[in-house]
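First up is the structure itself, then whatever we jot down about it.
The values are calculated or read from the model by the stated rules, or taken from the named source; none is laboratory data. Just so it is clear, the model here is predicted, and its values are computed rather than measured. Here the Cβ is made from the backbone with ideal geometry for all residues, glycine too, and neighbour counts use every protein chain on show. In case anyone asks, the SASA skips ligands and DNA or RNA and just uses the protein heavy atoms, side chains included. Shrake-Rupley method; radii C 1.70, N 1.55, O 1.52, S 1.80 Å.
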Amino acid sequence: MNSAETGRVKAKRLAEQAAATRASFLSHANHEVRTPLSSIGGATRLLSTLITDEKARNLVGVIERNVSRLSAVADDLVRIADLDDASSSIAAETFNLTEVVRSIVEEHQGAAKAKGIGLTFTCSLKDDPLFLFDAQSLTQVIQRLLSNAVKFTSVGEVHAAIAPERCRDGVTLRISDTGCGIESEQLGRLFEEFEAHNPRTARQGGGTGLGMSIVRREVERMGGEISVSSRPGEGTTFVVFLPASLGAYCSEVDE
């Protein structure tokens, strides 16, 4: 074996070892975070039924909100580990994209109303065609994008739209907002791990910076693409393209 081949074998072995170490760390970190969180969450719920003082209730609310944030971090660690697992597969399920997006939009109406912003949805697909997607993965992508859009919008509106992409045999999902926007130097790193927030937005919205990396990887696993455009102070638009099978999509939109 020549030196070049030896180098490639060694590099492959080191990469596999690094991946195994990363997966082990994520698994252990999730366990160490989630176990005490379960105890804290249970104790907090019990405490909330016992106290009557308003200041104490507010403090319990602080604990509950932070337990929720840490639980979301644990969920992200689990998902990253799943995505790192090369043996994991995606499910091809019959999926009514219109109904699912409409349902998720409705779920976020309360949060949008509480902030005094609009949240709307439009669909230009014909006859609600069915698609073959991984339902769980795609639902998580839509949930993350809509949640972030509402979270980082203080004035104006968030709009979700589905449209056919006939030239590429697929569909596009566009989620736009009139929120704080993203600096141009951040856009190129937005979908990298730990790069989703600058310090200001991290304090505003929380998170670890894993969310957008997970979104990108989920979309790419389904053979799709995701892009983003943004102007600071004006808002942000995410566009997700998803390929569709000819039988599940084109036969209905072309009738």
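Between amide H atoms placed 1.01 Å from N, distances below 5 Å from Ala244 occur with Gly170, Val171, all of them 5 or more places distant or on a separate chain. The alpha carbon gyration tensor of region 28-129 gives principal lengths a ≥ b ≥ c with a/c of 1.5 or higher and a/b no greater than b/c, which makes the shape oblate. Using Cα positions and a limit of under 29 Å, work out the lysines in reach of Lys55, with same-chain residues fewer than 8 apart set aside. Result set, ordered by chain and number: Lys113, Lys115, Lys151.
Label zone of Ala114 (point 7 Å out along Cα→Cβ, amide N under 14 Å): in region 38-62 this covers 61-62. Rolling a 1.4 Å probe over the heavy atoms of the protein chains gives region 141-193 an accessible area of 42 Å² per residue. Computed over protein heavy atoms with a 1.4 angstrom probe, the accessible surface ordering of Thr237, Thr6, Thr98, largest first, is Thr6, Thr237, Thr98. Across region 226-239, computed HN-Hα scalar couplings (Karplus, 6.51 cos²θ - 1.76 cosθ + 1.60, θ = phi - 60°) run 9, 9, 9, 10, 7, 9, x, x, 10, x, 9, 10, 9, 10 Hz from first to last residue, x flagging Gly and Pro.
Sorted by mean Cβ packing within 10 Å, highest first, what order do the peptides 37-50, 65-78 take? Walk me through the intermediate numbers first.
Values: 37-50: 12.4, 65-78: 16.1.
The densest-packed peptide leads the list: 65-78, 37-50.
Charge dipole (Cα centre; +1 on Lys/Arg Cβ, -1 on Asp/Glu Cβ; no other charges) of region 10-121 amounts to roughly 360 debye. Once the other residues with Cβ under 12 Å from the Cβ of Val239 are scored (Lys, Arg +1; Asp, Glu -1), what is the net sum? With Lys, Arg at +1 and Asp, Glu at -1, the net is -1. Taking chymotrypsin sites (Phe, Trp or Tyr not before Pro) across region 131-200, the ones in a DSSP loop with at most 15 further Cβ atoms lying within 10 angstrom of their Cβ are Phe194. Each of Arg189, Arg217 has its accessible area taken with a 1.4 Å probe; listed largest first, they run Arg189, Arg217. Ordering 135-148, 219-232 by mean Cβ neighbour count within 10 Å, with the highest value first, yields 135-148, 219-232.
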